[in-house]
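Written below as structure tokens is the structure these notes are about.
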Amino acid sequence: MTTKNVSVNTANLSTKQLMNEKKSAASIKNVFEKMVPAVLFLFAAVSVLTTIAILYTLITEAIHFFQRVSFTEFFTSTNLKPLSQNPSFGLLPLLSGTLLSTIIAMVVAGPIGLMAAIYLSEYASDRVRKLLKPMLELLAGIPTIVYGFFAFTFVTPLLRSIWPEIELTNILSPGLVMGIMIIPMVASLSEDAMNSVPNTMREGAYGLGATKLETAIKVVIPAAISGIVASFVLAISRAIGETMIVTIASGSTKNFSFDVTESMQTMTAYIVEVSSGDAAAGTTVYYSIYAVALTLFTMTFLMNLLAKKIARRFREEY
Amino acid sequence: MAVQTQLYAVPAIEKKESKNKNEVEKESIFETKSLNLWYGETQALKNIDLKIPEKSITAIIGPSGCGKSTFIKTLNRMVELIPSVQTKGDIHYKGSNILSKDYSAEALRTDVGMVFQKPNPFPKSIYDNVAYGPRIHGIKKKSILDDIVEKSLKDAFIWDEVKDRLKENAFGLSGGQQQRLCIARCLAIEPEVILMDEPTSALDPISTTKVEELIQSLKKQYSIVIVTHNMQQAARISDQTAFFLNGEVVEFGKTDELFTEPKDSRTMDYINGRFG
Ligand SMILES: Nc1ncnc2c1ncn2[C@@H]1O[C@H](COP(=O)(O)OP(=O)(O)OP(=O)(O)O)[C@@H](O)[C@H]1O
Ligand SMILES: [Mg+2]
């Protein structure tokens, strides 16, 4: 016993000695260690500061706009004629374009994404899931300009061959394509939510004679509902902010309408049009893009906040 | 090597020590014949031949990993949910082989309910938990559901504790209450058999006593198969006991006989706590 202890002690001592020798070399490392939190904080601060800076710019420039155009006109007028002799700056035409394209996209992405999620989480074997999920997520990696051209050169002609009244640029086609684009987002996030429903809950339902579908619809989806809703909200905010597809495929008609066959401009596409045109700095047109951008920012910000809130409730559930 | 399994019927005829002389021999509700089961390559059940009598409590005991859970999960075909599982042999339930392809698993599980080791209520209200089974089987009428919920909760000895909070989430109940709620949920579809996999192992002693009393009150109407690690529990509540070891049934007989004079030395060792 005693011999054993001694041998352990000597071993410890020698380790200690070795460590002490290294200590001097480590002093530089120590200084570095102390700097790490500060450096990391700087990196974290960069992104926060950027956001603040963007918001600051948006607000100060938007203030210029609202000094010239009244709040009421901006939020209630259905006329948007920024370059006319007698210009008017109503947001509603852009809002109708954004809302319509978002609704169309969600009508596509909601059900398809949810069904894909049900399939992946409840029906697919492990092998199929491991194969399909990355493929689905590949859809999300395609650049939006590609989707834009897909909408303009493929989907629109296809729609026109079935439904000739559709205009060459219209809101339906980019809406549909946007829907396809956000399917993976809905499917993948909803699948995560459904996957985190404990298996014991499914067993409880199967044990009562429920079929797979009954279990999925009446137990798994309700249990995962907050995660699913959060995925929808995130998808909506993605659709609201989507720019390229609508810029290419829905034209630039500032049209307050809910007719999906017509050309319509969205808020994002308006910003692209004005900022790529030659609106001189300081003009009302120039400032109007900041007002639109601020509205857009507020909308997506609220959406993301909502998604976070819902997702938090979901985590607390079990 | 063939396993000698003591069928319930055989020793029961020899020994005439039943408390009630008029007790008729009970029909068996389940009868397994050369039941074998594999998880992939590993065999978890080996040649199980058991006759489980109806309207009584059958306990399954044995050391960890001997196949108790696997066995009761074959009785309602829950094992099928694990993709690697393969079964061979027959399980007769009321005369038909439930392992045959055209026997509907859903119909079987409607008849053979299950209570799990960990209480697993749905994240719904107490009322909706109990009404879930009747609802998926097509009962929609509120008044009928109300009656079913009340009766099931009463039968599960939990009505008085929850009658004023039926609309509250079931997760707000204590573990013992949740388990009795799960039993109520199971009773709501009026099964013939209730399978229970260590239903009290997650509960405190007082809740355990309540659930044990409940189980005993249920055997008048239901056939109950219960897996337990607790030998006192098996001795207290069951009518017959099967001792499993390494996927085989070592001994099966009346509980009082199996615990007082086991026929197999391995059973003796196990109940005396020498292994497992
Ligand atoms: N899903 C599975 N996949 C592979 N092997 C499994 C699976 N479930 C159980 N087994 C194996 O089958 C054997 C029996 O397991 P089972 O769960 O039936 O034991 P048990 O008697 O219920 O044990 P315990 O008392 O610990 O619950 C064990 O060897 C186990 O490792
Ligand atoms: Mg077990």
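The values are calculated or read from the model by the stated rules, or taken from the named source; none is laboratory data. Given the structure is predicted, the values throughout are model-derived calculations rather than measurements. Neighbour counts run over all protein chains shown; Cβ positions are idealised from the backbone, glycine included. Accessible surface is based on the protein model in full, side chains and every heavy atom, while ligands, DNA and RNA are left aside. Shrake-Rupley method; radii C 1.70, N 1.55, O 1.52, S 1.80 Å.
Annotations
- Among the protein heavy atoms, those of B:Ser201 account for about 60 Å² of accessible surface (1.4 Å probe, every chain in place).
- Accessible surface for A:Ile63 stands near 90 Å², nearest 10, in the context of the full protein assembly shown (1.4 Å probe).
- The simple Förster model, with R0 at 30 Å and r as the Cβ-Cβ distance, assigns A:Arg68 and A:Glu273 a FRET efficiency of 0.95.
- Dipole axis of region A:148-302 (+1 Lys, Arg; -1 Asp, Glu on Cβ), positive-most option in A:Thr247, A:Pro164, A:Met185: A:Met185
- Spin-label model distance (nm) - A:Ala53 vs B:Asn272, 7 Å beyond Cα toward Cβ: 8.2 nm
- Degrees between helix B:126-136 axis and first principal axis of chain B (Cα, 0 to 90, nearest 10): 70 degrees
- Peptides ranked, highest mean first, by Cβ atoms within 10 Å: ranges B:250-259, A:76-85, A:226-235: A:226-235, B:250-259, A:76-85
- Computed over protein heavy atoms with a 1.4 angstrom probe, the accessible surface ordering of A:Met115, A:Met35, A:Met178, largest first, is A:Met115, A:Met35, A:Met178.
- Cβ-Cβ FRET estimate between A:Leu213 and A:Leu42, R0 fixed at 60 Å, reported to 0.05: 0.70
- With eigenvalues of the C-alpha gyration tensor scaled by 5 and rooted, the protein assembly as shown, Å: 64, 35, 23
- Taking only alpha carbon atoms, region B:69-144 gives an Rg to Rh ratio of 1.03, where Rh is the Kirkwood radius.
- Value of relative contact order over chain B, rounded to a whole percent, pairs C-alpha under 8 Å and six or more apart: 27 percent
- Dimensionless Rg/Rh of chain A - Kirkwood Rh, Rg from C-alpha atoms: 1.18
- Over 31 Å apart at the Cα level, from the set A:Lys133/B:Lys140; B:Lys94/B:Lys142; B:Lys26/B:Lys167; B:Lys163/B:Lys220; B:Lys26/B:Lys140; A:Lys218/A:Lys308, are A:Lys133/B:Lys140; B:Lys94/B:Lys142; B:Lys26/B:Lys167; B:Lys26/B:Lys140.
- Residues B:Arg165, B:Arg135, A:Arg127, ordered by accessible area of protein heavy atoms at a 1.4 angstrom probe radius and largest first, appear as A:Arg127, B:Arg135, B:Arg165.
- Taking 16 Å as the straight-line reach from the Cα of B:Lys101, the aspartates and glutamates in range (excluding those fewer than 8 positions away in the same chain) are B:Glu80, B:Asp90.
- Calculated FRET efficiency for the pair B:Lys220/A:Leu139, C-beta based, R₀ 60 Å, to 0.05: 0.55
- Where labels lie 7 Å past Cα in the beta-carbon direction, separation of A:Met19 and B:Lys142 in nm: 7.1 nm
- The protein assembly as shown, accessible surface, carbon-and-sulfur percent (1.4 angstrom probe): 60 percent
- Taking chain A and dividing mean pair separation by its residue count, relative contact order in percent (alpha carbons under 8 Å, at least six apart): 24 percent
- Based on protein heavy atoms only, region A:242-318 ends up with 48 Å² per residue of surface accessible to a 1.4 Å probe.
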